[in-house]
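The values are calculated or read from the model by the stated rules, or taken from the named source; none is laboratory data. If you're wondering where the values come from, they're calculated on a predicted model, not measured in any experiment. Note that we place each Cβ from the backbone using ideal geometry, even for glycine, and neighbour counts take in every protein chain shown. Please note that ligands, DNA and RNA were not included when accessible areas were found on the heavy atoms of the full protein model with its side chains. Shrake-Rupley method; radii C 1.70, N 1.55, O 1.52, S 1.80 Å.
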Amino acid sequence: MKFDIRVVETEAERDKLYRFRYRIYVDEEKFTRNADHAQNWLKDDYDDVATSFAIFDGDEVVGSLRLLFMDSVADLQPFIEKFRMAQALDAFGASAICTTSRFMVDPILRNGKLIFKLMRNAYVHCLQRGARLNFGDCSPHLIPFYEHMGYRRYTTGFNDSSFGYKIPILMLFRDHQFLSSVRSLLLRMAEQE
């Protein structure tokens, strides 16, 4: 199999991305928020302003990761409340802050290297755009994975009405000392670019 990781750009690619999300979130994980069951896809309003990366196996999507830069968002209040990012916005500005979401891969690829390559592509894209901070959240059992990548916990968790208990995580893109201390694969891969 030959895999390609790239930004989703065409309507046909977006359609495949939304259908892939549906397969993972709805069919596999049984989450239904924002799901369009008539079209079998999962899309929300942020997709219109986000940058989505996908792993393509031929022309099929088998992995995804979405970046949302805060300067693309009309109403920042939900993000300020969810991630407690008011101080970061004041200090760095909206263009230097992004969130990651919709990070998922096909079950047959979850123990392979493609997941790291997908993350690397997004990481390099963020560096090129001048991002300083990346906010996200994850389930408790994924904390070791994200901490090894270079994220850190920074505040208390919260209950998401659809996805359960989540822990906010934060990556400082240019904190090479910290990324090196946790032996982040992202730092090593980005340095090879």
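If ligands, DNA and RNA are left out, what is the accessible area of His141 with a 1.4 Å probe, given in Å² to the nearest 10?
140
If packing is taken as the average number of other Cβ atoms within 10 Å across a peptide's residues, how do 106-112, 78-84 rank, most packed first?
78-84, 106-112
Per DSSP H run of at least 4 residues, take -39500 (n - 2.57); add these up for the chain, divide by its residues and hand me the 222 nm value, nearest 500 deg cm²/dmol.
That calculation yields -8500 deg cm²/dmol at 222 nm.
Could you tell me the largest-minus-smallest coordinate of the C-alpha atoms of the stretch 40-193 on each of the three principal axes, in descending order and whole angstroms?
42, 42, 30
I'd like the FRET efficiency for Val7 and Ser95, computed as 1/(1 + (r/R0)^6) with the beta carbon distance as r and R0 of 22 Å, rounded to 0.05. Working shown, then result.
Values: r = 18 Å, r/R0 = 0.84.
Here the calculated transfer efficiency is 0.75.
How much length would be gained if the chain were fully extended between Glu60 and His37, taking 0.36 nm per residue of separation minus their Cα-Cα distance, in nm to one decimal?
6.3 nm
Considering only Gly112, Ala91, Phe79, whose Cα is most displaced toward the positive end of the charge dipole of the chain, charges sitting on Cβ of Lys, Arg (+1) and Asp, Glu (-1)?
Gly112
Any aspartates and glutamates with Cα under 16 Å of the Lys16 Cα? List them, leaving off those in the same chain fewer than 8 positions away.
Straight-distance partners of Lys16: Asp4, Asp27, Asp36, Asp44, Asp47, Asp48, Asp57, Asp59, Glu60, Asp106.
Stretch Asp175-Glu29 to full length: gain in nm at 0.36 nm per residue minus the Cα-Cα span?
The Asp175-Glu29 span can extend by a further 49.2 nm.
Taking Cα atoms of the stretch 74-162, Rg/Rh with Kirkwood Rh, to two decimals?
Result: Rg/Rh = 0.97.
Contact order normalised by length for the stretch 6-55, with contacts defined as Cα pairs under 8 Å and 6 or more residues apart; what percent is it?
46
Please compute the modelled spin-label separation between Ser139 and Thr156, points set 7 Å along Cα→Cβ, answer in nm with one decimal.
Using points 7 Å along Cα→Cβ, the separation is 2.3 nm.
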